[in-house]
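Peer 1: Okay, handing you the structure first.
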Amino acid sequence: MLITIASGKGGTGKTTIAVNLALSLKEKLPVVLLDCDVEEPNAHLFLQPTFGQSQRVMTTIPEIDEDKCNGCGKCSKFCAFNAIAVVNHKPLTFPELCHSCGGCALVCPTRAITEVQREIGLVETGVGCGIDTTKGELAIGSPLAPMVVEAVRETAPKDHTEKAVIIDASPGTSCAVVAAAENTDFCLLVTEPTPFGLNDLTLAVELAQKLGLPHGVVINRAGLGDRKVYDYCHQTGIPILMEIPFQTQYAACYARGGRLVEEFPDLKARFLQLWDLIRAHAKENHERGQLG
Ligand code: SF4
Ligand code: SF4
């Protein structure tokens with residue numbers, strides 16, 4: 001099972017769910033946690049892994065040989081990301097905007113552009129609390145989060161039939177979230193029962209639907225806010241798979257980097273139940289797909 005834990009917005013407790021689900025499952029089956037929230041990875045703060053392996057994620061950016069450049073501006077016109085400007089027939093590059101498509105080098109009539117390597121992130125792998133953990137971290141200012149997410153996903157075991165591979169995606173509905181969620185078996189959406197939670201949940205649901213992923217909801221901080229998230233889920237038929245009540249001792253545990261299921265062992269059974277529900281929904285969806 002390969003599942004993604006996503007949320008329409010930050011601060012809903014997505015990483016808490018990912019980490020504590022992983023900790024609850026580790027006695028039952030091998031667990032791998034992939035932290036694909038590459039702009040702000042924080043699962044390692046809870047699991048405290050020792051990273052034994054690291055890999056730099058590289059891409060290419062253009063380098064212009066001014067001696068060969070005739071100032072025609074074709075590269076600048078081609079670039080959809082404004083990563084090259086030609087001012088007074090002089091080309092200027094903005095590597096932090098470059099999406100590494102390679103098109104400018106292709107359209108340059110004088111072959112003045114060559115592609116050079118640039119580091120866009122780092123992927124580290126290790127073990128923390130008995131869980132194989134991979135963390136991806138995007139280089140500051142790079143727009144290429146999806147490439148770093150893909151590099152993190154590359155570290156997942158190819159055969160995950162008897163394993164739980166849990167992907168902690170970035171908050172929101174960006175390309176990085178798509179890269180984290182596509183081709184997984186299930187997308188778990190974490191929200192909170194507030195108007196903001198509902199608004200962002202609807203966006204996350206749309207994304208899961210577009211990707212054709214079976215999905216369900218965890219309501220964190222249940223008891224706060226109003227019932228609109230519940231009404232939305234009931235009206236749209238999206239299953240609510242777990243609720244975690246709002247309790248100050250849970251919030252305090254999170255704030256000091258504590259592990260909920262260790263401090264509140266009764267929660268472990270509930271996370272195991274969550275896993276069973278995820279499996280059941282994913283299986284049902286798979287069987288429906290085969291019939292269809
Ligand atoms: S490689 Fe693509 S994105 Fe980067 S500067 Fe060239 S055209 Fe623009
Ligand atoms: S396309 Fe080539 S020759 Fe034309 S401005 Fe760009 S780098 Fe210079």
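Peer 1: Quickly rank 53-60, 234-241 as a protection proxy: mean count of other C-beta atoms within 10 Å, highest first.
Peer 2: On the way: 53-60: 14.8, 234-241: 13.2.
So the order, starting with the most tightly packed, is 53-60, 234-241.
Peer 1: Just to confirm a number: summing +1 for Lys and Arg and -1 for Asp and Glu over residues other than L267 whose beta-carbon lies under 12 angstrom from that of L267, what do you get? All intermediate terms of the calculation are to be shown ahead of the outcome.
Peer 2: Numbers: positive: R259, K268, R270; negative: E243, E262, E263, D266.
Taking every other residue near L267 into account, the sum is -1.
Peer 1: Let me ask something else about it. In nm, what is the difference between 0.36 nm times the number of residues separating D65 and T50 and their Cα-Cα distance? Let's see the in-between values first.
Peer 2: Values: separation 15, 0.36 × 15 = 5.40 nm, distance 4.35 nm.
Residue separation times 0.36 nm, minus the Cα-Cα distance, leaves 1.1 nm.
Peer 1: Would you please name the chymotrypsin sites (Phe, Trp or Tyr not before Pro) within region 190-292 that are DSSP coil residues with at most 16 other C-beta atoms within 10 Å of their C-beta? Write out the running numbers ahead of the final one.
Peer 2: On the way: sites: F196, Y230, Y232, F246, Y250, Y254, F271, W275; in loops: F246.
In loop regions of region 190-292 (DSSP not H, G, I, E or B), the sparsely surrounded chymotrypsin sites (Phe, Trp or Tyr not before Pro) are F246.
Peer 1: Moving on to the next point. Return the loop-located GluC sites (Glu not before Pro) in region 14-106 (DSSP other than H, G, I, E, B) with at most 16 other Cβ atoms within 10 Å of their own Cβ; answer none if there are none. All intermediate terms of the calculation are to be shown ahead of the outcome.
Peer 2: Numbers: sites: E27, E39, E63, E66, E96; in loops: E27, E39, E66.
Answer by residue number: E27, E66.
Peer 1: So for region 237-290, what are the equivalent ellipsoid semi-axes in whole Å, largest first, each being the square root of 5 times an eigenvalue of the Cα gyration tensor? The partial results should precede the final answer.
Peer 2: On the way: eigenvalues 180, 26, 15 Å².
Working through the eigenvalues yields semi-axes of 30, 11, 9 Å.
Peer 1: Follow-up question, since we're still on this one. Given axes a ≥ b ≥ c from the Cα gyration tensor, I'd like to know whether region 145-292 is rounded (a/c under 1.5), prolate (a/b larger than b/c) or oblate. Before the final figure, lay out the partial values.
Peer 2: Details: a/c = 1.43, a/b = 1.23, b/c = 1.16.
Verdict is rounded for region 145-292.
Peer 1: Ok, one more. Enumerate cysteines in the chain without a disulfide-compatible partner, where compatibility requires another Cys Cβ under 4.7 angstrom.
Peer 2: C36, C69, C72, C79, C98, C101, C108, C129, C175, C187, C233, C253
Peer 1: Report relative contact order for region 66-111 in percent, whole number only (criteria: Cα-Cα under 8 Å, sequence separation at least 6).
Peer 2: Over region 66-111, the number comes to 42 percent.
Peer 1: Also, I was wondering about something else. Do the alpha carbons of any pairs in K158/K210; K9/K90; K14/K77; K9/K77; K28/K228; K9/K283 sit beyond 32 Å of each other, and which pairs?
Peer 2: On the way: K158/K210 25 Å; K9/K90 42 Å; K14/K77 41 Å; K9/K77 35 Å; K28/K228 36 Å; K9/K283 28 Å.
Correct reply: K9/K90; K14/K77; K9/K77; K28/K228.
Peer 1: So what are the three principal axis dimensions of the chain from its Cα atoms, in whole Å, longest to shortest?
Peer 2: If we take the Cα atoms of the chain, the spans are 70, 44, 43 Å.
Peer 1: Follow-up. Between beta-carbons, use under 13 Å as the cut-off and find the net charge around E119, counting Lys and Arg +1, Asp and Glu -1.
Peer 2: Numbers: positive: R56, R118; negative: E96, E137.
The answer is 0.
Throughout, read-outs are computed from the coordinates displayed, never taken from laboratory work. Quantities reported herein were computed from a predicted structural model and do not represent experimental measurements. Ideal geometry is used to build each Cβ from the backbone, glycine not excepted, and the neighbour counts take in all protein chains shown.
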